[in-house]
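Working notes, structure below.
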Amino acid sequence: QVQLVESGGGLVQAGGSLRLSCAASGSIFSTYVMGWYRQAPGKQRELVADITSGGTTNYADSVRGRFTISRDNAKNTVYLQMNSLKAEDTAVYYCNAHLSLHIYWGQGTQVTVSS
């Protein structure tokens, strides 16, 4: 069982930055693929970025070049650095951990970008 707790969301002006953190329980954090997803009102949840246990990253086209995902296996934490934020980045951001058929979600953190 893995528990995920997100933090770092909030209200920011367009062009600003935020850093989200996701702290995970469990001693096998380093083996999981960790990801950030988001869901805007009336829209489906979508992948923002993910990072493998080996550090390979993947980004949605809409955030590539603006967002950076990273992980610290010693702290069981994954981060999402978000720069040059746009109004369309407004959403609830969810942390995700998955390994084979094991999938876990955090409770979500709200990010609101004012234009």
Can you tell me which residue in segment 48-66 is nearest to Ala91 (Cα to Cα), limited to those that are among the hydrophobic types (A, V, I, L, M, F, W, C) and either touching a residue at least 24 places away in the same chain (Cβ under 8 Å) or open to solvent by 50 Å² or more (accessible area, probe 1.4 Å) (or both)? Val48
Counted residues, segment 25-41 - those being assigned to a loop (DSSP other than H, G, I, E, B) and either surrounded by fewer than 21 Cβ atoms within 10 Å (Cβ to Cβ) or in contact with a Ser or Thr (Cβ under 6 Å, 6 or more places away or on another chain) (or both): 6
In segment 84-107, what residues are part of a loop (DSSP other than H, G, I, E, B) and either modelled with pLDDT under 95 or surrounded by 18 or more Cβ atoms within 10 Å (Cβ to Cβ) (or both)? Leu85, Thr90, Ser100, Leu101, Gly106
Criterion first (part of a loop (DSSP other than H, G, I, E, B) and either over 30 Å from Gln13 (Cβ atoms) or within 12 Å of the chain's Cα centre (by Cα) (or both)) does Gly54 satisfy it? yes
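Here's the yes/no breakdown for (1) farther than 18 Å from Trp105 by Cβ; (2) open to solvent by 40 Å² or more (accessible area, probe 1.4 Å); (3) not aliphatic (A, V, I, L, M):
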{"site": "Gln13", "(1), (2), (3)": "yes, yes, yes"}
{"site": "Leu20", "(1), (2), (3)": "no, no, no"}
{"site": "Ala23", "(1), (2), (3)": "no, yes, no"}
{"site": "Gln44", "(1), (2), (3)": "no, yes, yes"}
{"site": "Lys75", "(1), (2), (3)": "yes, yes, yes"}
{"site": "Met82", "(1), (2), (3)": "yes, no, no"}
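The values are calculated or read from the model by the stated rules, or taken from the named source; none is laboratory data. Only a predicted model underlies this, so the values are computations on that prediction, with no experimental measurement involved. For neighbour counting, all protein chains shown are included, and Cβ atoms are generated from backbone atoms with ideal geometry for every residue, glycine included. SASA here: full protein model, heavy atoms, side chains in, ligands and nucleic acids out. Shrake-Rupley method; radii C 1.70, N 1.55, O 1.52, S 1.80 Å.
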